[in-house]
Each structure stands twice: as C-alpha cells, then as structure tokens.
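Chemist: Encoded as structure tokens, here's the structure I'll be asking about.
Since every read-out is calculated from the coordinates, none of them should be taken as a lab result. On a predicted model such as this, the values are computed, not experimentally measured, just so you know. Cβ coordinates were reconstructed from backbone atoms using ideal geometry, including for glycine residues, and neighbour counts include every protein chain displayed.
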Amino acid sequence: MVITGVGMVTPLGRNCDETFANAAQGRSGIDYITSFETTGLPCRIGGQVKDAWLTDPESDVRHRFGRFSSRGLRLMQTATLEAASQAGLETIIDRERVGVSLGSHGENVSVSEMSELLRFYDGNGHWDMRGLLSSCQYSPFQFFLRKPDTASSILSMLFDCRGSSLSIVSACAAGPQAIGEAYRIIQDRKADVMIAGGCEATLNFMGFIGFVLIKALAEKYTTPQTASRPFDRKRNGFVMSEGAGAVVLEDLDHARSRGANILGELLGYGSSADAYRITDTHPKAEGAFLAMAGALEDASLTADDIDYVNAHGTSTVQNDLVESLAIRRIFGERARSVPVSSNKSMMGHTIAAAGAIECILTLMGMHRSLILPTINYEHRDPKCDLDYVPNEARHMPYRRALSNSFGFGGQNACLCIGAFEE
Amino acid sequence: MKQTLITEQKVFEELKKAIVETLRSDEAAIKPESSLIKDLGAESLDFLDINYRLEQTFGIKMARHFILEHIEEMFGEGSAIDENGQLTEKAITLLKMRYGDVYGDLSGGIDMDTVPTLITAGSMTQGVLDLLDTLPETCSKCGNTAWKTEDGIRVKCGSCSEFATFTNGDDLIKNWLTAMQQEKKIF
C-alpha cells in the first residue's frame, strides 16, 4: 500500500511544503483568535488558517456546492486539491475504484442560527412554525452543514470518486482512522485508490465553549505561541486549531501500472478503545498501547524496527503522561533512545485533521532526514522522560515511524509509515 | 458570616444525592472519608457534574480551580508544585491551614497527580459549607437581616424573599490566600 499524493492546509501554511518549512524552523502557528469574540474566555488563542489560503469556491466551476460546504470541508477541498494534483488523480479512468474516507465532524450550530430560530420559539416548547417556514432568514442549507456525512459526500462529488464514501466521526482519532479504514478497503480489493484524511474547523463560539467548560484548553500562557507545550512540566491543556490533511492511498501495483510517483508506504494500522472514561485516559495506557501494538503487528514489524514516533502530544497533563507510558511499554529499554516529537507544539490540535497532517509531516520528514521538533519544551517533567526532540529539528535519517492519535473518549488509532522500498 | 440555617448533615445528604445521580453509586457506600476517585470511581469530568448539581441545589458557585492552581497563579510558578511534581512544603502548610485534616496526613510529601484522589465526600461537604458561610449580613435587595430557609437548602430573605447570594468559590480561595499572605508572609 503506497501513498501517491499528499496535501494539507494548517495554521502553519497553505500547503505541505510551507507547513513543513515553518515547522522545521520551530515556528508556532498559534495566535489570538479573530474568528469570533473571545473577550472574557479563560482561553483566547487558537491556530487559525488564513481565509486567503482556502480554495475560492467562486472560482471553481463546481461552486454550486458552496452553500453546503462547511469551513471544514473547504479546508479539506484545499488539501485534497494539492494531494489529487500530486497523485495525478484525474487521469485515473475507472472512477468506481476510487473512494473517499474522511474524518470530520459536522459544523457546529452558529450563535446567529440559534438566535434566528429562537425568534420563533416561545420558551415553553411551542414553535411559530408558520413564521419559521416563511422566514427568509433561516436557510434550509444549514441542515447540511450540521450533518457529519455531508463533507464526505461532497468530496466524492468534487473529485468524482464513485467507490466507497466513508464518514469517520471519532474526534482526535478520526483522521488516522479514516486513513486506516481506507487502507483496509484497498487491502480488501474493494478499491484501487482512496482519498483519505481529516478536516476540522471548530474555532467558533459553540465549538470552543464546550472545551472551555470541561477545562481541556490551555489557560495559563504568557504568549499564544508558547501555550502548546507537550511533555513540558508546565503544560496545562491543548490549543484548538483548524486545518485539513489529505493523502491519496493506492494499491502498489495500481500505482506502478500508471507510473505514479510513490511517496511512501502505509505499513500498518492499529485501532482500539480504552473502554474506560469519557475524558480521562486509561491510567495504564491500555488503549494507547493496543493501538500502537496493533499497528506494529499489522505491519509485521517489532518496536525495534521503528526509528521515530510522531506523538499525539496534545499538551494536556493526562495525554502526555499516559502516551509516554504507552511508548515506554512498547519500546521497553529502547524507549529513551527513540525520538518522539509533537507537531501540536507548533500548530495546536486540529482534532480530526491532526492525525492525517501528522502522518504526512512524518513522511515528509523521512524524505528530508529531518525530525520536526517539540517546541516550548523548557521544563523537564520527571514522569515524561523520553527524547522529545526539544525545540530544534534534528537531522537524522529514518525509514519507519509510528504516528499516534488518541481521542477523548478513548478512541485510539496508530499508523505505521515507511519510506518506499522497491 | 458563619451561617447556621443549613446544617452539615443536610449538605452531606445533598452531596450524596448529587454523587448518586452522577456516578450511580450505592448511597450507603458514600461515607465522609470516601475518595470520589478511588472509592467511588469518579473521573475528572464527574467533578464538574457534581459541582454543577451542588450549585443548582444551594445557589452557590463552586471554585473552578483547586487551591494549588491559585497559589501558583498568585505567588508564582513553583510556589505550590516543585519541579518533580511534588507539593511544596508551603502548599502543604496552606492546605492544612485551610482544610485541617480533611485531606489526611500530607506530611510524607505528595505528588500533584495524586491530589485529586484526596478529594472525599467530607472535603466536598466542607467546601460547600465554606461557601455558605459567605452569607452576607444583610439582603442585597432590601437591606434587612432576616435570612431564613424553608427547605434547609436555599437561603432567602424573610423580608423580601430574595435568594441569598454567596461569594464565588474561586474568589473565596483567592481572598483567603491574600489574607493569609498578609498575616503570615508565607511567600
């Protein structure tokens, strides 16, 4: 199974190269949020994608999809255009053998939408349906923005993919699960090519407030750029970001037969559940361990074959502690000599997009023999005692890596990625 | 002011109700010394749920941050938790001054990650009572001193029927820390 195209749009850049170049310099894509009013909130920062980086739907002949398109989908369209163009996707003739597998969540209801609805509600269970149905203000297309399946459906239309179209909804694990399940579909010979990845655009009031209330976001920071500090003793929550990552996964023989440029291999996929708590992670890292062990077994490799771990590394107290424990359990005595780094230190947590973006950055690092750093690493945590590639990218050739994604609710996924070997 | 309208027993009963509703625990198993995490199986999110229920019941606002976070914020990084993740001597002193023995014997040093396990039904009851003790002398609406309760839970003005308002939990801790610092110069 090979990867023949990659694309992304992130707080660090409009595409893969720009994102990687900024990350290699240890730059942060985090700043004060401008997409909605944050005055009074204990966390006012996030990683936004510049509007100018999004594909302009009006310039696209298919712009009639715009009214159904959430911001998440627009990010995904941008990332997929890059990946599809690199893979030469449009030259593939048999479109029934091309599918889509997307990790995403429906767009949150907006405050203005709720306000509009409440004009027709008496507060006691009664609606003025005549008024609502005759209102010109409430758009029927809102419905499609809320549905988590719309993005996959429209992505299939936009890129003319008539094979399986999956919508994976599993928070932080959605991106890598979408890639992993696409990998299975190709393994099962149900498709030759899959567009797979994830997108997230939750930097709005309703998307943000829930994470504030459960105290999951970083609240103690001196500057926005230093708030996301995975594995650092002073970490105190994650930083919410938006973005999208897309890969074109392809059967090796299919890719060879059409002379596609092969970027790397997807060697294995592990997926598990903590089956424990809704936000707390399993104290013995059971689910995280199972996902990593599953990916290794699927790849017919052992921990000794792995040169680098792209960590989930959210900068929450619990995740980074438990992830370090899982890595120690997988690697045993070798754990402290395997570089582990978190891209979220620079771009924050893009939730459903994160695993897809991180899988691509891992592959790009392999091509460049460069391990991206964990920035803002200043205070050693005695309970997180691994080599986190602190603050500066490291030149080191590597050929095989694991990319972790562990979601709230204990949904876990791990991808094993390798350089292509003839 | 120290209030006497709502008894410790009543607070404990209401807390037990909140715990049962949140955790589906057996009410008989909830003792003052029960650790919510270790003995009753609570997770971090459950504290938000239980606090929310207590806030609705008593008309109070529970602290959003634990005292250790306030100490770090007011007296600087490292003031409550040292570089090994252990509570500092000063933090332990303050915990004892504020909460007595409610968190057990802390003299042997304690890791910050185990602090949540120290929260018991008894310490939560005390937390609610501390908030209720911020009952103002007079009603903010009519200015009279005529507090009463009909159900042993909500305090209202016997003169104008306005519900009493209490100090917010985070402000209560911060005010207390400020007063302690002025008095004892701990930091």
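Chemist: Send over the semi-axes of region A:64-161's equivalent ellipsoid, whole angstrom and largest first, taken as the square roots of 5 times the C-alpha gyration tensor eigenvalues.
Modeler: Semi-axes (√(5λ), whole Å): 37, 12, 11.
Chemist: If you build a Gaussian network model of chain A, linking Cα atoms that sit under 10 Å apart, which residue out of A:Gly245, A:Gly175, A:Gly287 swings the most?
Modeler: Maximum fluctuation in the GNM of chain A, among the listed residues, is at A:Gly287.
Chemist: Lysines within cross-link reach of B:Lys16: Cα-Cα under 28 Å, excluding same-chain residues under 8 positions apart?
Modeler: A:Lys215, B:Lys2, B:Lys31, B:Lys38, B:Lys61, B:Lys96, B:Lys148, B:Lys156, B:Lys174
Chemist: Is the shape of region A:299-409 rounded, prolate or oblate, going by the alpha carbon gyration tensor and its root eigenvalues a ≥ b ≥ c, with a/c under 1.5 for rounded and a/b larger than b/c for prolate?
Modeler: Values: a/c = 1.22, a/b = 1.09, b/c = 1.12.
Verdict is rounded for region A:299-409.
Chemist: Okay, moving on. Taking the Cα centre of chain A as the origin and placing charges on Cβ (Lys, Arg +1; Asp, Glu -1), which of A:Ile168, A:Thr10, A:Ser28 is farthest toward the positive end of the dipole?
Modeler: Checked the options; the winner is A:Ser28.
Chemist: Kindly provide the helix-only [θ] at 222 nm of chain A, computed as the sum of -39,500 (n - 2.57) over DSSP H runs of four or more divided by all residues, to the nearest 500 deg cm²/dmol?
Modeler: Details: 13 runs with 130 residues, N = 422.
Helices in chain A give a 222 nm mean residue ellipticity of -9000 deg cm²/dmol.
Chemist: For a bin width of 10 Å, list the pair-distance distribution of region A:151-201 built from all Cα-Cα distances, rounded to whole %.
Modeler: The calculated distribution, bin by bin, is 26, 56, 17, 0.
Chemist: Would you mind ranking A:His379, A:His254 so that the residue whose beta carbon has the fewest other beta carbons within 10 Å leads the list?
Modeler: Going from least to most buried by this count: A:His379, A:His254.
Chemist: For chain A, modelled as a GNM with alpha-carbon contacts under 10 angstrom, which of A:Leu267, A:Leu402, A:Leu133 fluctuates the most?
Modeler: Of A:Leu267, A:Leu402, A:Leu133, the Gaussian network model singles out A:Leu133 as fluctuating most.
Chemist: Here is a further query. Fewest Cβ neighbours within 10 Å first, please rank A:Arg277, A:Arg67 accordingly.
Modeler: Working: A:Arg277 18, A:Arg67 13.
By the 10 Å Cβ count, ascending, the order reads A:Arg67, A:Arg277.
Chemist: Next question. Roughly how far apart, in whole Å, are the Cα centres of region B:152-177 and region A:188-238?
Modeler: Computed from Cα coordinates, the inter-centre distance equals 37 Å.
Chemist: Here is a further query. I need the Debye-formula profile for region A:10-126: one equal scatterer per C-alpha, no solvent, reported as log10 I(q)/I(0) at q = 0.22, 0.23 1/Å, two decimals.
Modeler: Each listed q corresponds, in turn, to -1.42, -1.45.
Chemist: Across all directions of projection, what mean area in square nanometres is found for the Cα convex hull of region B:1-58?
Modeler: Working: hull surface 17.4 nm².
Averaging across all directions leaves 4.4 nm² for the Cα convex hull.
Chemist: Oh, and also: Along each of its three principal axes, how wide is the spread of alpha-carbon positions in region A:182-246, in whole angstrom units, largest first?
Modeler: Result, largest extent first: 51, 29, 20 Å.
Chemist: Sticking with this structure for a sec: Quick one: if the Förster radius is 30 Å, what FRET efficiency do A:Phe141 and A:Lys190 give, using the C-beta to C-beta distance and rounding to 0.05?
Modeler: Efficiency, rounded to the nearest 0.05: 0.40.
Chemist: Also, I was wondering about something else. Assigning unit charges at the beta carbon (Lys, Arg +1; Asp, Glu -1) and nothing else, what dipole magnitude in debye, to the nearest 20, does region A:281-422 show about its Cα centre? Let's see the in-between values first.
Modeler: Values: 12 positive and 17 negative charges, 51 e Å.
Value, rounded to 20: 240 debye.
Chemist: If you don't mind, another one. Once the Cα atoms of region B:101-154 are picked out, what are the Rg and Dmax in Å?
Modeler: 17.3, 51
Chemist: What order do you get for A:Cys414, A:Cys43 when you list them from fewest to most C-beta neighbours inside 10 Å?
Modeler: Ascending Cβ contact count within 10 Å gives the list A:Cys43, A:Cys414.
Chemist: Right, here's the next one. With the convex hull built on the Cα atoms of the protein assembly as shown, state its orientation-averaged projected area in nm².
Modeler: Projected area, direction-averaged: 31.0 nm².
Chemist: Could you give the nm distance between label points at A:Thr222 and B:Glu183, where each point is 7 Å from its Cα heading toward the beta carbon?
Modeler: If labels sit at A:Thr222 and B:Glu183, their model points lie 3.3 nm apart.
Chemist: Apply the a/c threshold of 1.5 to the C-alpha gyration tensor of region A:189-341 and tell me whether it is rounded, prolate or oblate.
Modeler: oblate
Chemist: Taking the Cα atoms of region A:114-241 alone, what are Rg (to one decimal) and Dmax (as a whole number) in Å?
Modeler: 20.5, 57
Chemist: Another question about this same structure. Can you tell me the FRET efficiency between A:Asp304 and A:Glu18 if r is taken as the Cβ-Cβ distance and R0 is 30 Å, rounded to the nearest 0.05?
Modeler: Result of the calculation: an efficiency of 0.30.
Chemist: Taking N as the number of residues in region A:293-358, what value does Rg over Cα atoms divided by 2.2 N^0.38 Å take?
Modeler: The reported ratio for this selection is 1.15.
Chemist: Put +1 on the Cβ of each Lys and Arg and -1 on the Cβ of each Asp and Glu in region B:58-140; which of B:Gln126, B:Ile92, B:Met74 then has its Cα farthest toward the positive end of the dipole?
Modeler: B:Gln126
Chemist: State the cysteines of the protein assembly as shown left without a partner when partners are defined as other cysteines whose beta carbon lies under 4.7 Å away.
Modeler: Those would be A:Cys16, A:Cys43, A:Cys136, A:Cys161, A:Cys172, A:Cys199, A:Cys359, A:Cys384, A:Cys414, A:Cys416, since no other cysteine Cβ in the protein assembly as shown comes under 4.7 Å of theirs.
Chemist: Just round it to a whole percent: the fraction of Cα-Cα distances in chain B exceeding 21 Å. Could you put the intermediate results ahead of the total?
Modeler: Details: 9434 of 17391 pairs.
Result: 54 percent of Cα pairs exceed 21 Å.
Chemist: Now, a different point. Stokes-Einstein diffusion coefficient for region B:80-187 at 10 °C in a medium of 1.306 mPa s, Rh from the Kirkwood formula over Cα pairs: what value in µm²/s? List each step's numbers first, then the result.
Modeler: Details: Rh = 16.3 Å.
Estimated via Stokes-Einstein, D reaches 98 µm²/s.
Chemist: I'd like the Kirkwood hydrodynamic radius of region B:142-186, using the inverse of the mean 1/r over distinct C-alpha pairs, in Å.
Modeler: For region B:142-186, the Kirkwood estimate is 12.7 Å.
Chemist: Turning to a different aspect of this structure: Any idea what diffusion coefficient region A:224-287 gets from Stokes-Einstein, in µm²/s, Kirkwood Rh on alpha carbon pairs, 10 °C, 1.306 mPa s?
Modeler: The Stokes-Einstein estimate is 95 µm²/s.
Chemist: What spacing in nm lies between the two simple spin-label points modelled at A:Phe120 and A:Glu90, each 7 Å away from Cα in the Cβ direction?
Modeler: Taking the simple label geometry, A:Phe120 and A:Glu90 are separated by 4.1 nm.
Chemist: Okay, next question. Mind listing the long-range amide H neighbours of B:Ala80? Cut-off is under 5 Å, sequence gap 5 or more, other chains count too, H placed in the peptide plane at 1.01 Å from N.
Modeler: B:Glu72
Chemist: If you build a Gaussian network model of chain A, linking Cα atoms that sit under 10 Å apart, which residue out of A:Ser300, A:Ser369, A:Ser241 swings the most?
Modeler: Between A:Ser300, A:Ser369, A:Ser241, it is A:Ser300 that shows the largest mean-square fluctuation.
Chemist: So, with +1 on the Cβ of K and R and -1 on the Cβ of D and E, and no other charges, what is the size of the charge dipole of the protein assembly as shown about its Cα centre, to the nearest 20 debye? Could you put the intermediate results ahead of the total?
Modeler: On the way: 60 positive and 81 negative charges, 146 e Å.
Using only the charged Cβ atoms, the result is roughly 700 debye.
Chemist: Which FRET efficiency value, to the nearest 0.05, is calculated for B:Arg98 and A:Arg256 with the Förster distance at 60 angstrom and r the Cβ-Cβ distance?
Modeler: 0.30
Chemist: For every other residue with a beta carbon closer than 14 angstrom to the beta carbon of A:Leu41, add +1 if it is Lys or Arg and -1 if Asp or Glu, then tell me the sum. Let's see the in-between values first.
Modeler: Numbers: positive: A:Arg44, A:Lys215, A:Lys220, B:Arg64; negative: A:Glu37, A:Glu219.
Computed value for this residue: +2.
Chemist: Dividing the convex hull volume of the Cα atoms of region B:1-112 by its residue count, what figure in Å³ per residue is obtained?
Modeler: 135
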